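Notes to accompany the following structure.
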Amino acid sequence: IKKARDEANRPALTINRLVQPKRQITNQQREARPGIQINPVDGGADVDSAGVRQGLIRNIETNSDADVVWGTACNDQVDMGRGWMRIVTEYASADANPNELSEAIFQQEIRLKRIRNMFSVYPDPACQEFDYSDGKFLFITDHILWEDYEERYRETSSLTKASLGDH
């Protein structure tokens, strides 16, 4: 029917019937508020140290705005079947220069980061496991402006520009 209406230059009403079930799943995730839980399980485990680790993880989740990270990964998982997120370290001091040896270099904080574009992740093609847990690497690509690239990677920008020509 849609094809016939398109050929006759007539409008065709389309109704997306997947939005409601998708929202039902993602709203369940938002209500459940997923997070990392530490539980002492073996003879050498200590309840107090598990509590300290749980507090550290809760701090990481709070500082990372983990609800947004989990939500983005869940939305991508519902859309495509795979949701991605990153665990990264960042310098605690915004003015810390990683090229200068100072005390600030060793003060890093763990952060959870969302991956906005689910199609920018390329796992190891030799993986056998469904969840890519046996992968040796994973590429996350991003498009950036040439000016931003030159600012970020000053040391290599002249070499890259020479190899690219005037593209």
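The values are calculated or read from the model by the stated rules, or taken from the named source; none is laboratory data. If you're wondering where the values come from, they're calculated on a predicted model, not measured in any experiment. Here Cβ is always computed from backbone atoms with ideal geometry, including for glycine, and neighbour counts include all displayed protein chains. The accessibility values were calculated without ligands, DNA or RNA, using every heavy atom of the protein model including side chains. Shrake-Rupley method; radii C 1.70, N 1.55, O 1.52, S 1.80 Å.
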Subset of the range 130-148 (residues that are within 28 Å of residue 83 (Cβ to Cβ) and open to solvent by less than 100 Å² (accessible area, probe 1.4 Å)): 131, 132, 133, 134, 135, 137, 138, 140, 141, 144, 148
Residue hits (the range 61-77; of a type in the set (Val, Ile, Thr) and within 15 Å of the chain's Cα centre (by Cα)) are 68, 69, 72
Of 89, 14, 26, 72, which residue is touching a Cys at 6+ places or on another chain (Cβ under 7 Å) and not acidic (Asp, Glu)? 26
Every residue from the range 99-118 that is open to solvent by less than 100 Å² (accessible area, probe 1.4 Å), farther than 23 Å from residue 154 by Cβ and modelled with pLDDT under 90: 107
Name the helices (runs of 4 or more DSSP H) wholly inside the range 1-74 in which the number of residues that are surrounded by 13 or more Cβ atoms within 10 Å (Cβ to Cβ) is 2 or more. 19-32, 47-63
Return the pair list, or none, for Cβ contacts closer than 8 Å from residues in the range 64-90 that are more than 18 Å from residue 130 (Cα to Cα) to residues that are among the basic types (Lys, Arg) and part of a helix (DSSP H, G or I), at least 6 apart or on different chains. 67/30; 71/30
